[in-house]
Amino acid sequence: MSLSFSCIKKPRDSTSCSSIEGEMEGSHAPTGPNNGEEFKVQTAKHNNHAPMRPPSEQSKDRAARRQSSESNGVSEGGAGARTPVEVTALEEAFRRFAVHGDTRATGKELHGKNWSKLCKDCSVIDGKTITLTDVDIVFSKVKKKSCRTITFNEFKEALTELSRKRFKDKTNDEAAEEVFKLIEGKSPVIAGVTRAVASPTVSRLTDPTKFTGSHKERFDETGRGKGKAGRVDVLDKSGYVSGYKHKGSYEKKMQPRPKPE
């Protein structure tokens, strides 16, 4: 018992307490004349930082940056690196034909109608070794069963399939390269508006100044149609006889003469 009382009544060492408190506080407590100024500078730097944004806004920002990079042909790599996405001439031609005639197309998938147009415009179909039927068969072969379009990889597979039939005397790689060259850098061919061919016979039949008989009465001197007046005889209901040539002259004669000044 005496030993326990002596331990309890043992005086507290002020030096040990202060050292313990200093160790607990660590580097947060200024210990010198210059450390206080450094502490103020560090707190000021921490206070200048912008507040943390919620995770939802951060995900939106990342999605916006990803979309902008894809639209600009740039992909984001690790640690914020940005590397340009190389678009080959074959892929560029694929995108041009994929969006042809469809405002909602994204250029990543090609449907059967534009696939046939691509093979026609790029001379893949020669009418001998490759026909339109062959093109449709290959399209149905490479596409998925539940889809009506093909991707770029399926597009290359279809061209490789056609190249084996088009260039039989070459290897598979050489034949594929030859077909790719036919398509690289090409765009859809847009047919122009059909124009009427002017001929002497047509111009003679459409010239109203050379009409005769009743057809001549339907046009005026400038060649402009008179409308109903040129098709129907309009009766004169003014009260004058048909042979009277001085219509409207009686009123002029009955007007009083001006007085001489």
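The values are calculated or read from the model by the stated rules, or taken from the named source; none is laboratory data. Nothing here was measured: the structure is a model prediction, and the numbers come from that model. Neighbour counts are summed over all protein chains in view; Cβ atoms, including those assigned to glycine, are modelled from backbone coordinates with ideal geometry. Remember, those area values only see protein heavy atoms, side chains included, never the ligands or the DNA or RNA. Shrake-Rupley method; radii C 1.70, N 1.55, O 1.52, S 1.80 Å.
Points worth noting:
- For the criterion of being within 21 Å of residue 94 (Cα to Cα), surrounded by 14 or more Cβ atoms within 10 Å (Cβ to Cβ) and of a type outside the set (Asp, Glu), residue 151 passes.
- When residues of region 101-131 are limited to those that are farther than 19 Å from residue 160 by Cβ and more than 27 Å from the chain's Cα centre (by Cα), the one least open to solvent (accessible area, probe 1.4 Å): 127
- Criterion (under 27 Å from the mean Cα position of the chain (by Cα) and of a type outside the set (Lys, Arg)) met by exactly one of 140, 187: 187
- Residues in region 246-261 that are in a loop (DSSP other than H, G, I, E, B), loosely packed, with under 10 Cβ neighbours inside 10 Å and not small (Gly, Ala, Ser): 9 in all.
- Taking the conditions (1) out of contact with any strand residue (DSSP E or B) (no Cβ under 8 Å at 6 or more places or on another chain); (2) modelled with pLDDT of 90 or more; (3) among the hydroxyl-bearing types (Ser, Thr, Tyr) in turn, residue 149 satisfies each one other than (1).
- Residue pairs meeting the criteria (Cβ under 8 Å; at least 6 apart or on separate chains; first surrounded by 11 or more Cβ atoms within 10 Å (Cβ to Cβ), in region 166-179; second aromatic (Phe, Trp, Tyr)): 174/167; 175/167; 178/167; 179/167
- Out of 81, 98, sole residue that is at pLDDT 55 or above, of a type in the set (A, V, I, L, M, F, W, C) and either over 18 Å from residue 183 (Cβ atoms) or open to solvent by less than 50 Å² (accessible area, probe 1.4 Å) (or both): 98
- All of (1) within 30 Å of residue 95 (Cβ to Cβ); (2) surrounded by 11 or more Cβ atoms within 10 Å (Cβ to Cβ) hold for residue 215 with one exception: (1).
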